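*Asks:* Got a structure for you, questions after.
The values are calculated or read from the model by the stated rules, or taken from the named source; none is laboratory data. This is a predicted model, so every value here is computed, not measured. Using ideal geometry, Cβ is built from the backbone for each residue, glycine included, and neighbour counts are taken over all protein chains shown. Side chains are part of the model used for accessible areas, which takes the heavy atoms of the whole protein and leaves out ligands, DNA and RNA. Shrake-Rupley method; radii C 1.70, N 1.55, O 1.52, S 1.80 Å.
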Amino acid sequence: MAEDLLQLYPLTLSKSIPKYIEYASKLVDLLFELERYEQAYTVLADVAAQSSLEGEKRMEFAEKIFNKATERERVMLEGLVKKSVEQEQKRALKEKTNESIDAITSRVKAGMEVQILSHSEVDFACREVWRAFPSSQVGIKSITLIIKRNQSRIASCKNESEKTSIRESIQNDLRSLVKTHPNNRFALEQLLLSLDSDDTTVTDEEAVQFATQLSKADNPTNIFSVCVLSATSLKNENRELRLTAEEQTKIIQRIEASATALSQPWVYPWFTLAQRLRANGQFKRTSDACKSGLNAATLREKAGESCKRMRINLNLLFAEVGPLLGAVAETEKAFKTVLELDADNIVAMKGLAKCYLDSNQLESSRSVAEQILQKAPADAWAIGHLGWISFLQQDLNTAKEKLEASAASDATSAEIFLRLGIVYWELGGQYRTDKSFAATQFLRALKMEPTCGSAFAYLGYFYLQEGSRDRAKKCLSKAISANPNDERTGSLLFQLYAEDHERNLGSMLIREAVSKETQAFWAWRRLAAEQQSLGDFGEAIVSYQHSLRHYPDNAGLWAGLGESYRRQGQLVAAHKCLSRALELLLPSSSSS
């Protein structure tokens with residue numbers, strides 16, 4: 001009978017609309033009884049698509065498809081849950097566990113909801129509604145349900161290729177929904193969220209377009225819209241239309257506030273924010289933004305999203321600022337994380353080699369540099385890095401050979417020129433005295449990086465050996481301005497000022513150094529002595545104490561601190577400090 005009705009009901013359309021609807025309804029009921037559900041949904045969709053039907057009738061059939069499919073799934077789920085709960089209760093009694101019925105039901109239901117997603121009946125029905133009735137609310141409801149079901153499927157899916165296929169389906173459905181309903185908030189927001197994904201098909205231009213549509217359709221303060229449009233205004237900043245510092249600050253605050261206020265994790269705004277904060281030199285806030293972005297990426301990936309690209313970028317960005325914040329171990333970990341995600345990432349390999357070098361793990365650093373050369377045999381940085389390791393291991397000839405080769409391949413790296421210059425300097429002889437060797441490399445380094453403090457320092461040493469005292473002092477002064485922590489250079493310049501009776505310049509030197517850098521201990525110890533000589537004993541005590549944090553075994557500093565205490569009338573403290581100075585000067589007498 002079902003086959004007869006399948007052939008008969010389309011013919012009735014030309015004769016009588018009521019008869020057509022009557023036959024179609026009977027056919028659908030029969031198909032449901034025979035459990036031929038997909039055929040039933042197709043018939044309903046065909047009826048809903050007939051333009052000759054009244055709008056209300058079309059809506060009625062479309063709603064019927066959606067309701068029948070979702071109701072069947074609800075009943076199916078309830079049946080599965082009831083059966084499984086009964087089984088779990090028996091097991092709990094047998095094993096004498098204390099799990100409550102509510103806990104068992106909740107646990108079972110969660111598992112069954114994932115399992116039931118594998119049934120495609122609802123998807124088929126909803127897609128039929130969307131195909132037949134895309135302009136209606138039930139059509140929107142149907143395609144939205146398909147998208148959400150697919151998003152849930154990703155979270156439970158273990159197969160990566162299947163995940164990729166599901167994500168592509170989601171992207172296509174979202175685009176289809178936006179094409180038919182340009183102001184659909186759900187679709188626009190989901191497309192913007194997909195900017196996190198490795199599989200996203202949304203371009204930067206489309207992101208702006210979607211954000212603009214969302215702003216107009218919802219309201220100008222929509223969080224997704226604010227994030228994208230604000231981020232775009234920062235990205236598109238150029239020389240002809242530069243944002244003022246105040247405008248940048250406002251936009252950064254807007255992105256940060258919006259990203260924090262989101263009810264769901266989104267990596268994109270945190271990454272954009274971190275990029276701008278890094279460019280502005282706000283390293284601690286950059287680090288915080290990277291961490292927030294990585295936390296968001298973790299949550300997105302738990303939901304089945306693939307955020308590998310974003311995780312790589314955020315870890316690399318964090319690794320840029322980590323050393324500046326003293327986060328050495330975290331920086332190394334960030335580079336290793338990138339290499340776990342992308343074993344061929346040269347940037348991360350170079351960063352890791354630097355980390356090993358900074359922690360004096362020379363062989364580990366060498367190993368990573370050699371791995372880079374296996375992937376890129378002509379990499380100038382890796383060749384130069386191996387040369388510098390040879391220098392640190394006192395193999396000056398090998399260091400010279402490799403750094404010369406590196407400098408010949410890359411005429412833009414200040415680091416390579418500086419290191420080659422230092423190697424020439426340490427080789428001595430004509431390499432140090434002939435301006436065409438060491439001095440030329442330092443000048444090349446400064447051409448590439450005009451604030452390179454080490455290059456200025458060595459140029460100062462070069463001019464000093466030539467007898468150009470004034471030129472030497474100028475270079476050494478620039479070196480300390482760039483790097484106030486350089487004890488060798490700072491001490492030498494202070495000595496030159498003292499020898500040339502330029503004590504005012506010496507005083508300005510140490511005071512400027514300590515104002516810029518609390519770790520400039522060479523300057524703090526000299527400032528302490530100066531303050532004591534001027535009778536500023538209270539300030540001298542503070543400076544001596546600060547210096548002793550770095551030079552705890554310096555008898556002269558203990559003696560100076562003791563004298564300052566004595567002048568202040570703090571005799572007990574003075575006695576302790578002077579006794580410590582004597583212990584350091586006469587260790588054998590203190591132990592006897």
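*Asks:* Report yes if some residue within the stretch 372-385 is without any contact (Cβ under 8 Å) to a residue 40 or more places away in the chain, in a helix (DSSP H, G or I) and within 20 Å of D486 (Cα to Cα); otherwise report no.
*Replies:* Among the residues of the stretch 372-385, not one is without any contact (Cβ under 8 Å) to a residue 40 or more places away in the chain, in a helix (DSSP H, G or I) and within 20 Å of D486 (Cα to Cα), which makes the answer no.
*Asks:* Restricting to the stretch 414-443, count the residues that are under 34 Å from the mean Cα position of the chain (by Cα) and open to solvent by 50 Å² or more (accessible area, probe 1.4 Å).
*Replies:* Count: 1.
*Asks:* Please indicate, with yes or no, whether at least one residue in the stretch 291-301 is open to solvent by 40 Å² or more (accessible area, probe 1.4 Å), touching a residue at least 24 places away in the same chain (Cβ under 8 Å), under 30 Å from Q519 (Cα atoms) and not hydroxyl-bearing (S, T, Y).
*Replies:* yes
*Asks:* Within the stretch 372-383, can one find any residue that is among the polar types (S, T, N, Q) and open to solvent by less than 30 Å² (accessible area, probe 1.4 Å)?
*Replies:* Looking only at the stretch 372-383, we keep the residues that are among the polar types (S, T, N, Q), and these are 374.
Then drop every residue that is not open to solvent by less than 30 Å² (accessible area, probe 1.4 Å), which leaves none.
No.
*Asks:* For V114, only one of the following conditions fails: (1) exposed (fewer than 12 other Cβ atoms within 10 Å of the Cβ); (2) modelled with pLDDT under 80; (3) of a type outside the set (S, T, Y). What is its number?
*Replies:* Among (1) exposed (fewer than 12 other Cβ atoms within 10 Å of the Cβ); (2) modelled with pLDDT under 80; (3) of a type outside the set (S, T, Y), V114 violates only (1).
*Asks:* For the stretch 205-222, give me each residue that is crowded, with 18+ Cβ neighbours inside 10 Å and outside any helix (DSSP H, G or I).
*Replies:* N222 - this is the single residue of the stretch 205-222 that is crowded, with 18+ Cβ neighbours inside 10 Å and outside any helix (DSSP H, G or I).
*Asks:* Considering (1) surrounded by fewer than 18 Cβ atoms within 10 Å (Cβ to Cβ); (2) within 43 Å of the chain's Cα centre (by Cα); (3) not in a loop (DSSP other than H, G, I, E, B), say which one D553 fails and leave the rest.
*Replies:* Of everything listed in (1) surrounded by fewer than 18 Cβ atoms within 10 Å (Cβ to Cβ); (2) within 43 Å of the chain's Cα centre (by Cα); (3) not in a loop (DSSP other than H, G, I, E, B), D553 misses just condition (3).
*Asks:* Can you tell me how many residues in the stretch 134-165 are within 26 Å of the chain's Cα centre (by Cα), open to solvent by 20 Å² or more (accessible area, probe 1.4 Å) and β-branched (V, I, T)?
*Replies:* Final tally of qualifying residues: 1.
*Asks:* For the structure I just gave you, tell me whether E63 is of a type in the set (D, E, K, R), surrounded by 17 or more Cβ atoms within 10 Å (Cβ to Cβ), in a helix (DSSP H, G or I) and at pLDDT below 70.
*Replies:* Taking the combined requirement at face value, the residue satisfies it.
*Asks:* Among the listed residues S258, S197, S225, which satisfies the condition of being in contact (Cβ under 8 Å) with a residue 60 or more places away in the chain and open to solvent by less than 50 Å² (accessible area, probe 1.4 Å)?
*Replies:* Values: S258 fails: in contact (Cβ under 8 Å) with a residue 60 or more places away in the chain; S225 fails: in contact (Cβ under 8 Å) with a residue 60 or more places away in the chain.
That would be S197, the only listed residue that is in contact (Cβ under 8 Å) with a residue 60 or more places away in the chain and open to solvent by less than 50 Å² (accessible area, probe 1.4 Å).
*Asks:* What residue, of L561, L548, L496, L557, is more than 26 Å from L584 (Cβ to Cβ) and not hydroxyl-bearing (S, T, Y)? Don't jump to the end; show me each part of the working.
*Replies:* Values: L561 fails: more than 26 Å from L584 (Cβ to Cβ); L548 fails: more than 26 Å from L584 (Cβ to Cβ); L557 fails: more than 26 Å from L584 (Cβ to Cβ).
So the residue among L561, L548, L496, L557 that is more than 26 Å from L584 (Cβ to Cβ) and not hydroxyl-bearing (S, T, Y) is L496.
*Asks:* Just to verify a result, which residue in the stretch 401-413, among those that are surrounded by fewer than 20 Cβ atoms within 10 Å (Cβ to Cβ) and part of a helix (DSSP H, G or I), is farthest from the chain's Cα centre (by Cα)?
*Replies:* This residue is E401.
*Asks:* Has the stretch 267-290 got at least one residue that is charged (D, E, K, R), within 28 Å of S230 (Cβ to Cβ) and surrounded by fewer than 17 Cβ atoms within 10 Å (Cβ to Cβ)?
*Replies:* Scanning the stretch 267-290, I find at least one residue that is charged (D, E, K, R), within 28 Å of S230 (Cβ to Cβ) and surrounded by fewer than 17 Cβ atoms within 10 Å (Cβ to Cβ), so the answer is yes.
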